[in-house]
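Notes to accompany the following structure.
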Amino acid sequence: MSLGYKSSQVAFLLRKEIEDGIFSPRSRLPSEKELCRRFKVSRPTIRRSIADLADQGLLSVRRGVGAFVNGLPNPSASARSRTISVMYPFDARSLSEVQAIVRATGHLLCAYSQMDWYWDSEKERRFLEAVREERRKGLVAFCSPIQPTNDEILEEISAQGTRVVHIEPYSDDTPAQSYIMADYRYAGYSAVCRFLMAGYRKIHMVSMGGAPYERLLKQGALNALADIAPTMTIEENFMLPVLVHDQPQGWNFMRDFLRSVSEPTGILCCSTNAAEIILNLAGEIHLPVPNRLGIIGVWHDDQTRPSSVDHFLVSHLDMARLAIEAITAEAWRGVRKLIRPNFVSLGTSRRR
């Protein structure tokens, strides 16, 4: 009786068939069930094999549809390029640091700054088309979550041999290309654990509008409640209204909500900006923090102001550095890594 293949062996055999033309470009691979039967392996093994080939740019995976052949990358074309394109919500400090990281590897930097317009799928597409046409060495991707997304052109860039590494989710699913991203589900899960272990009896969440990372944060928070406090009623107002600096109309609702807090309550915020608004409003009505109200936010290192509240630290700069190291390494096999954000305690939530 055959014990079947390992995922690396399955990936090798499938790659050989792609190279031999058995699977032509844009064709769909057999289903996972068919591949399991053929190689006598489990579905997780097949999924690892497909993920490996996707990292190499040979396959594109469409959730719920299947894995499609991109064709063979052109290694000679990518090898001639010494330019790395980096998408990033730059401030001057981080741009300078990213440039130094790229230059230290002997490559040139082509930066796409989102500071002026933030998310704009059309401007993003024009930039990605230039990356594709010039066959650059690598792309550190920080893509827009707004429809229409540029999945198709990202697949083409990866298929031609450009090494693509995402450093921020642009959808609820993991990207088809390589990624080094913060584990936002972990941050949400850990925040709820901290609240519950510190004795907070109610937990709520505040978003900035529903970006993919916020949805992942919420998913982790709800998973923790289901695992650790299954008897806790998840009220409809688990999600409080969006609260941002340039929309003060939401502040009155938050004042009224805070006045209604009668037992220890934890609030998880998708940004430290929202968390600091809540901290200031709690001070106005003399609601004790952290004894009656616990506050935890998420702080990204491309924010210009330091945080004054407890937060999970997400360093886009560190992830960009790791992505550049992976792109400029001699061998490329892709990378799929989730990094747990560090918790920074500044006294706005009770210690466990």
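Divide by every residue of the chain the summed helix terms, -39500 (n - 2.57) for each DSSP H run of at least 4, and state the resulting mean residue ellipticity at 222 nm, rounded to the nearest 500 deg cm²/dmol.
That calculation yields -12500 deg cm²/dmol at 222 nm.
Using a probe radius of 1.4 Å on heavy atoms only, what accessible surface per residue do you get for the chain? Whole Å² is fine.
With the other protein chains kept in place, the chain gives 48 Å² per residue.
Once Lys and Arg get +1 and Asp and Glu get -1 on their Cβ, which of 260, 243, 181 lies farthest toward the positive end of the dipole of the chain?
Comparing the listed Cα positions along the dipole, 181 ranks first.
Taking the Cα-to-Cβ direction at residue 134 and at residue 121 and moving 7 Å from each Cα, how far apart do the two end points lie in nm?
Output for this residue pair reads 2.5 nm.
What is the extension gain from residue 27 to residue 239, computed as 0.36 nm multiplied by their sequence separation minus the C-alpha to C-alpha distance, in nm to one decimal?
72.0 nm
In the Gaussian network model of the chain, springs joining C-alpha atoms below 10 Å, which of 183, 301, 173 carries the largest mean-square fluctuation?
Top of the fluctuation ranking is 173.
So for the pair residue 63, residue 93, with labels modelled 7 Å out along Cα→Cβ, what separation do we get in nm?
Each label point is offset 7 Å from its Cα along the Cβ direction, giving 3.4 nm.
Could you work out the relative contact order of region 194-352? I mean the mean sequence separation of Cα pairs under 8 Å and 6+ apart, divided by the number of residues, in percent.
In percent, rounded to a whole number, it is 25.
Can you give me the relative contact order of the chain as a percent, contacts being Cα pairs under 8 Å and 6 or more apart?
After rounding, I find 16 percent.
Counting only C-alpha contacts under 8 Å and six or more residues apart, can you give the relative contact order of region 199-292 as a whole percent?
In percent, rounded to a whole number, it is 43.
Report the FRET efficiency, 1/(1 + (r/R0)^6), for residue 246 and residue 113, where r is their Cβ-Cβ distance and R0 is 22 Å, rounded to 0.05.
Plugging the Cβ-Cβ distance into 1/(1 + (r/R0)^6) gives 0.60.
Could you check how much of the accessible area of region 142-292 is carbon and sulfur, as a whole percent, using a 1.4 Å probe?
49 percent
The values are calculated or read from the model by the stated rules, or taken from the named source; none is laboratory data. Keep in mind that what you see is a predicted model, and the values were worked out from it rather than measured. So basically every Cβ, Gly included, is an ideal-geometry build from the backbone, and we count neighbours across all protein chains shown. We work out accessible area using only protein heavy atoms, side chains counted, and drop any ligands, DNA or RNA first. Shrake-Rupley method; radii C 1.70, N 1.55, O 1.52, S 1.80 Å.
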